[in-house]
Every structure is written in structure tokens, then in C-alpha cells.
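The values are calculated or read from the model by the stated rules, or taken from the named source; none is laboratory data. These figures come from a predicted structure and were not determined experimentally. Quick reminder, even Gly has a Cβ in these numbers, built from the backbone with ideal geometry, and neighbours come from all protein chains shown.
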Amino acid sequence: MGIAMKSTAAALASVVVSVLIGSIVFRGPYGLPDGAGLVMCIVCPLVIAWPASAWLFWQKEKLRIALGEVERSHAMLAEAHRALAEKARRDDMTGMLNREAFFAEVEAARRGTDAGTLLIVDADNFKAINDRFGHLTGDVALLEISTAICRAVREGDIVGRIGGEEFGVFLAGADHRESLQVAERLRREVVAAEFRPTGDARMPLSVSVGGVMHRRASNLSDLLREADRQLYEAKQRGRNQVIFTQVPAAA
């Protein structure tokens, strides 16, 4: 209902009330105010109530619109804050979790499960790619590797970029057999990646993977240290392979 209609309704209601009061004060024939009294009971509310009601309803509408704008602004600000918070958790190039966010999520996941595996994935011979083709082409290789990793992991696994060419994966709830399957699938996906640094010939990529089975009593630093040891062992054995232990040495 518009402001004019609301104001008219309010004015008419005021007339009715005024006439009822006037009929008591200025009682005339048929119980209504007589003569000038009736005119006053009708005209005064119309002259006073309509503009007063219109002004009040107009102010109320302005307030409603202003509150709506404030709510929309708050919603936009909250969305912008969420977007900035999420952006702060992500690696700019790959879109994966950054190092800090990755390990924070791993810690949270470890508190909720007694099983799982931490994998450290490192690109093989990456310095040679940068030296030969330049860092921009090296970034393309990293994107191919990160995309391959994301294809290989399961839904709900935690994936992050934790170093220059180093990635972390936490397989929450995975047992020994499943961890091996995911790690090997990851390695094969990277090998199958279509990396063509010069635009024609395909250049093979590979990663070495070191991992350790999670135990609730294990410290995350110990898990990381053990996974790094397994990664170093994979590098020493010729790269492009997966090596991990079931129980961290510190446990």
C-alpha cells in the first residue's frame, strides 16, 4: 500500500475517532455533533492527520530503504571478507592451499581420524626446466603437476603447495593399501601430463613421493620429518617413485 493510501486510511480513522469523541462533547440530533462541531470533527482530522501521517509513513519508508541498504552493504562486506580470507589461504599460482593453511587443515583432520597418510610430493629435476626454458615455462610445468595431483587424489583429501616445487597431500582415513594406490596414481598422472615447453615436442614430467602413515599420537613435525626422509630416499633411488613408511620413526 502506498504512502497516500496509508495516509488517507489514517486520516479517515482519525475522522471516525474525532466524530465519536465529538458526539460525546457536542451531542446533537441522532447522537452526532451539531453544526460547527460536526464540521470541526471532520475537517480538523483531515487537515492535520493526513499530512502528519504522510510525513510519518514517508520517514518510515526512508528508514526501511536505508536499513535495506545497510543490510546489503553488510552482506557484501561479509562476502568480501570471506573471499579475502579464502584468498589468503591459497597459493596464487596453483590455487591450492598455501603452506600455513595446508598444515592447519592437516592438524584439524588428524584430530578427527586414527588413520591417514601424509605425502610430500616434489617435482623431479625442476631446476633443469627453469634453467633451460625460464621461470615462466617452469610455472607452466608446476601448473601441470598441481593439476595432475588434484586429478589423482580423492574427494575430501587435503592438498597444498608447501614449497617452490613441493606439494603436500593428506589422505584422511586412508589405510596402507589405499595410500599406496593414491600415491601411485598421483605419480602416474604427473608422468602422463601434456607438458610441451616449446609448443611441439612433449617433455616428460615426474615427481618423487615420500609419505608416512598417520597415528593420532604422532607429532605433525615428526610426520613431516619422516615423510621428508622417505622423499629423499625416493630421490636417491632414481626419482619418479613412491616410498613411504607405515609408522614414523619418532612414534
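Key figures
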{"read-out": "Check on V212, buried (at least 23 other Cβ atoms within 10 Å of the Cβ) and within 19 Å of R110 (Cα to Cα)", "value": "yes"}
{"read-out": "Per-region count, the range 113-125, residues at negative phi and more than 32 Å from the chain's Cα centre (by Cα)", "value": "1"}
{"read-out": "Count of residues meeting criterion [over 30 Å from L143 (Cα atoms) and acidic (D, E)] in the range 55-105", "value": "3"}
{"read-out": "Residue check, V207 out of contact with any Phe, Trp or Tyr (no Cβ under 6 Å at 6 or more places or on another chain), at pLDDT 90 or above, among the hydrophobic types (A, V, I, L, M, F, W, C) and surrounded by fewer than 19 Cβ atoms within 10 Å (Cβ to Cβ)", "value": "no"}
{"read-out": "All positions within the range 186-196 that are over 16 Å from A234 (Cα atoms), out of contact with any Leu (no Cβ under 8 Å at 6 or more places or on another chain) and surrounded by 14 or more Cβ atoms within 10 Å (Cβ to Cβ)", "value": "E189"}
{"read-out": "One residue from A109, A83, A101 being small (G, A, S) and under 13 Å from L220 (Cβ atoms)", "value": "A109"}
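Residue-by-condition table, conditions (1) of a type in the set (S, T, Y); (2) surrounded by 20 or more Cβ atoms within 10 Å (Cβ to Cβ); (3) in contact (Cβ under 8 Å) with a residue 40 or more places away in the chain:
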position: D122; (1), (2), (3): no, yes, yes
position: F133; (1), (2), (3): no, no, yes
position: V140; (1), (2), (3): no, no, yes
position: S146; (1), (2), (3): yes, yes, yes
position: I149; (1), (2), (3): no, yes, yes
position: I158; (1), (2), (3): no, yes, yes
